[in-house]
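Student: Can you keep this structure in mind? I'll have questions shortly.
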Protein chains: 2
Amino acid sequence: MCELLGMSANVPTDIIFSFTGLVQRGGTTGPHKDGWGITFYEGKGCRTFKDPAPSSNSKIANLVMEYPIKSCSVISHIRQANRGGIKLENTHPFVREFWGRNITFAHNGQLSGYKLLALFDFMPIGETDSEYAFCWIMGKLKQKYPTKPKNWQSVFRYTAKLCKQLDELGVFNALISDGVHVLAYCSNNLTWITRKAPFGPASLIDKDVTVNFSEETTDNDIVTVIATRPLTDNESWVKLEPKQWVLFRLGVKLN
Amino acid sequence: MCELLGMSANVPTDIIFSFTGLVQRGGTTGPHKDGWGITFYEGKGCRTFKDPAPSSNSKIANLVMEYPIKSCSVISHIRQANRGGIKLENTHPFVREFWGRNITFAHNGQLSGYKLLALFDFMPIGETDSEYAFCWIMGKLKQKYPTKPKNWQSVFRYTAKLCKQLDELGVFNALISDGVHVLAYCSNNLTWITRKAPFGPASLIDKDVTVNFSEETTDNDIVTVIATRPLTDNESWVKLEPKQWVLFRLGVKLN
């Protein structure tokens with residue numbers, strides 16, 4: 001299995017604190033040592049850092065932890081391989097272009113019988129069930145939206161329905177973003193928290209680090225973090241129910 | 001204008017020497033300070049490092065210069081903006097998936113009247129003429145190959161024809177790769193060199209660095225480097241003629 005991390009914020013925010021907690025689980029406090037990746041949206045563009053090496057021992061992960069890239073939408077993943085070898089092409093997140101937006105996807109879980117799903121227009125590059133499922137979602141979106149969608153919230157509501165279909169094939173916890181929205185679909189393990197004023201201190205579970213967000217933020221900031229398991233031990237994380245999904249737009253929950 | 005750098009090799013090779021020369025032109029010895037990017041293929045996967053900041057002053061470029069990522073195919077670009085602001089989404093290289101392969105593209109030049117080209121299936125995310133032209137190429141490939149191509153060399157030969165059409169609209173020097181092949185299309189400025197045994201020393205033009213490749217390679221290695229202008233001053237680079245293109249497969253020139 002793997003672990004997911006996502007962020008949705010109304011102002012460009014760095015995710016160093018949460019990412020520092022996550023990467024410990026990639027070989028130090030957790031077994032997810034088969035690669036890691038993180039996608040940062042900046043404007044309409046995004047950039048992905050990924051490595052098939054363990055995150056707890058990765059020069060590129062060190063750079064990401066030391067270099068504050070500010071973003072309103074982030075998707076990250078650390079991998080414990082099940083389907084597909086430890087290779088760059090099997091490392092999440094996966095990105096495809098859809099009507100002029102970068103769509104980013106990361107998955108935690110495992111699917112069976114997924115190869116019976118007919119693909120349309122988007123093809124996997126690696127061998128994971130995850131990328132196959134993502135390509136299936138993208139193909140269904142392309143069929144549903146033959147012209148550029150005007151209402152992107154409805155695109156994500158339809159995507160959540162597709163996630164529910166995939167969930168029938170096994171375990172499917174997923175994060176999907178277009179840079180403005182972040183969709184979190186829960187099969188069995190996904191939690192989230194929204195931080196806003198008054199901000200307080202937060203302490204990582206996986207490393208002895210505490211941040212006082214009141215010193216890092218303004219009163220208008222809204223920052224939502226989504227993770228497979230809570231990353232801090234002194235805050236209240238909301239655990240999603242099986243088959244539940246939440247959609248965030250720039251930090252704010254829409255459903 | 002911008003500068004291009006590409007590599008095609010028969011064994012995974014690091015490009016640190018050439019990249020170190022290129023990034024000096026991104027703000028130090030050259031004016032190309034409006035962003036930079038580099039895509040490394042590893043197996044079927046690829047990863048792109050990019051930054052809208054000048055390469056000569058980029059923490060991420062420093063990482064790439066210090067961390068030897070070994071690859072058989074590399075595409076890199078430093079930007080001096082003309083069409084499209086200095087933003088991440090306007091930073092080359094651009095990547096799209098086509099029949100299960102990552103196709104990477106970088107462009108040096110400027111086009112006029114390009115928006116009259118009808119796009120099919122692939123849409124630009126940023127505002128550059130370059131990404132628009134790339135999406136047009138990809139759409140034409142999708143129309144030409146409605147099923148998975150068996151002969152990828154013919155895909156690249158057709159791509160070279162499409163490049164020639166784009167060249168009619170202005171200046172179009174371009175590098176395009178699927179990880180196995182690297183196509184270099186010359187509008188007015190593109191040079192290349194193939195290094196193989198017996199290897200000798202090479203000295204960068206833009207920085208006081210010399211490498212003795214005989215110490216870094218084996219007798220079987222074939223490494224081709226393509227650049228807008230020669231990167232070394234003690235080797236013979238081949239200058240392409242206008243409208244000429246060369247296709248490399250794992251270091252070896254095919255045409």
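The numbers here are math on the coordinates, done by the rules we state, and not lab data. None of these values were measured; they are calculated from a predicted model. No Cβ is skipped: glycine too gets one built from the backbone with ideal geometry, and neighbour counts run over all protein chains shown.
Student: Using alpha carbons only, how many degrees (0 to 90, rounded to 10) separate the axis of helix B:129-144 from the longest principal axis of chain B?
Tutor: So the inclination is approximately 70 degrees.
Student: So what are the stretch B:3-253's ellipsoid semi-axes, whole angstrom, largest first, if each one is the square root of 5 times an eigenvalue of the alpha-carbon gyration tensor?
Tutor: Ellipsoid semi-axes (Å, largest first): 27, 21, 16.
Student: Of all trypsin sites (Lys or Arg not before Pro) in the stretch B:56-106, which ones are in loop regions per DSSP and have a Cβ with at most 14 other Cβ atoms within 10 Å?
Tutor: B:LYS70
Student: Rounded to the nearest 20 Debye, what is the dipole magnitude of the stretch B:117-255 about its Cα centre when Lys and Arg each give +1 and Asp and Glu each give -1 at the C-beta?
Tutor: Charge dipole, the stretch B:117-255, about its Cα centre: 840 debye, nearest 20.
Student: Collect residues whose amide H, placed 1.01 Å from N in the peptide plane, falls under 5 Å from the amide H of A:ILE205; neighbours closer than 5 in sequence don't count.
Tutor: Under 5 Å from the amide H of A:ILE205: A:THR232, A:ASP233.
Student: A further question follows. So if I place +1 on the C-beta of Lys and Arg and -1 on the C-beta of Asp and Glu, and nothing else carries charge, what would the dipole magnitude of the stretch B:3-253 be about its Cα centre? I want it in debye, nearest 20.
Tutor: In debye, rounded to 20, the stretch B:3-253 gives about 940.
Student: Also, I was wondering about something else. When the Karplus curve 6.51 cos²θ - 1.76 cosθ + 1.60 is applied with θ = phi - 60°, which whole-Hz ³J(HN,Hα) does each residue of the stretch A:105-112 get, with x for Gly and Pro?
Tutor: Rounded to whole hertz, the list is 9, 9, 9, 10, x, 8, 10, 10.
Student: So if I take the centroid of the Cα atoms in the stretch B:75-124 and the same for the stretch A:66-116, what is the distance between those two points in Å?
Tutor: That distance is 23 Å.
Student: Report, in listed order, any pair from A:LYS142/B:LYS142; A:LYS142/B:LYS87; A:LYS70/B:LYS50; A:LYS196/A:LYS253; A:LYS144/A:LYS164; B:LYS44/B:LYS150 with a Cα-Cα distance greater than 19 Å.
Tutor: Result: A:LYS142/B:LYS87 exceed 19 Å.
Student: Further, regarding this structure: What are the principal axis extents of the Cα atoms in the protein assembly as shown, in Å, biggest first?
Tutor: 65, 47, 40
Student: Here's a follow-up. Under 1.5 on a/c is rounded, so check that first for the stretch A:8-139, then, if it is not, pick prolate when a/b is larger than b/c and oblate when it is not; a ≥ b ≥ c are the square roots of the alpha carbon gyration tensor eigenvalues.
Tutor: Since a/c reaches 1.5 but b/c is at least a/b, the shape of the stretch A:8-139 is classed as oblate.
Student: Same structure, new question: So if I place +1 on the C-beta of Lys and Arg and -1 on the C-beta of Asp and Glu, and nothing else carries charge, what would the dipole magnitude of the protein assembly as shown be about its Cα centre? I want it in debye, nearest 20.
Tutor: 1840
Student: If you don't mind, there's one more thing I want to ask. Using amide H atoms built 1.01 Å from N in the peptide plane, name the residues 5+ places from A:VAL252, or on other chains, whose amide H lies under 5 Å from its own.
Tutor: So A:VAL252 has HN proximity to no qualifying residue.
Student: Provide an ascending nm list, one decimal, of label-point separations from A:GLN143 to the equivalent residue in each further copy; define each label point as 7 Å from Cα along Cα→Cβ.
Tutor: So the label point of A:GLN143 gives 2.5 nm to the other copies.
Student: Nm distances between the label at A:ILE16 and the same-position labels in the remaining copies, 7 Å along Cα→Cβ, shortest first?
Tutor: Those separations, rounded to one decimal, come out as 2.6 nm.
Student: Then there is this: If we count every other residue with Cβ under 15 angstrom of B:LYS150's Cβ, Lys/Arg +1 and Asp/Glu -1, where does the sum land?
Tutor: Combined, the nearby Lys, Arg, Asp and Glu give +3.
Student: Let me check I've understood the local charge: for A:PHE120, count other residues with C-beta under 12 angstrom from its C-beta, Lys and Arg +1, Asp and Glu -1. What total comes out?
Tutor: Spelling it out: positives minus negatives among the neighbours equals +1.
Student: With Cβ to Cβ distances under 14 Å as the rule, what net charge do the other residues near B:LYS196 carry (K, R +1; D, E -1)?
Tutor: Result for the local shell: -2.
Student: Return the sequence-ordered ³J(HN,Hα) values of the stretch B:193-207 in whole Hz as given by the Karplus equation 6.51 cos²θ - 1.76 cosθ + 1.60 applied to θ = phi - 60°, using x for Gly and Pro.
Tutor: With the stated coefficients, the stretch B:193-207 comes to 8, 10, 9, 8, 4, x, 7, x, x, 9, 10, 5, 6, 8, 7 Hz.
Student: Let me make sure I get this right: for the stretch B:64-125, a, b and c are the square roots of the gyration tensor eigenvalues over alpha carbons, sorted descending. Under 1.5 in a/c it's rounded, otherwise prolate if a/b > b/c, else oblate. Which is it?
Tutor: Because a/c hits 1.5 or more and a/b fails to exceed b/c, the stretch B:64-125 counts as oblate.
Student: 222 nm [θ] for chain B, helices only, -39500 (n - 2.57) per DSSP H run of 4+, per residue, to 500?
Tutor: Result for chain B: -6000 deg cm²/dmol, rounded to the nearest 500.
Student: Under 1.5 on a/c is rounded, so check that first for the stretch A:211-255, then, if it is not, pick prolate when a/b is larger than b/c and oblate when it is not; a ≥ b ≥ c are the square roots of the alpha carbon gyration tensor eigenvalues.
Tutor: oblate
Student: Quick one: what are the phi-derived ³J(HN,Hα) couplings along the stretch B:21-29, Karplus 6.51/-1.76/1.60 with θ = phi - 60°, whole Hz, x for glycine and proline?
Tutor: x, 4, 5, 4, 6, x, x, 9, 8
Student: So, one more: Please name whichever of B:ILE15, B:SER112, B:MET138 sits farthest to the positive end of the charge dipole of the stretch B:1-160, dipole taken about the Cα centre and charges placed at Cβ: Lys and Arg +1, Asp and Glu -1.
Tutor: Selected residue: B:MET138.
Student: Can you give me the relative contact order of chain A as a percent, contacts being Cα pairs under 8 Å and 6 or more apart?
Tutor: Relative contact order comes out at 23 percent.
Student: On to the next question. Going by the rotation axis that takes chain B to chain A, pick out the residue of B with the closest C-beta and quote the gap in whole Å.
Tutor: Result for the B and A rotation: B:LEU63, 3.
Student: Shortest first and in nm with one decimal, please list how far the A:LEU119 label point sits from its counterparts in the other copies (point 7 Å along Cα→Cβ).
Tutor: Between copies, matching label points for A:LEU119 lie 2.3 nm apart.
Student: Give me, ordered by chain and number, the residues 5 or more places off A:HIS77 or on other chains with an amide H under 5 Å from its own placed amide H.
Tutor: For A:HIS77, whose amide H was placed from the backbone, the distant partners under 5 Å are A:LEU5, A:GLY37.
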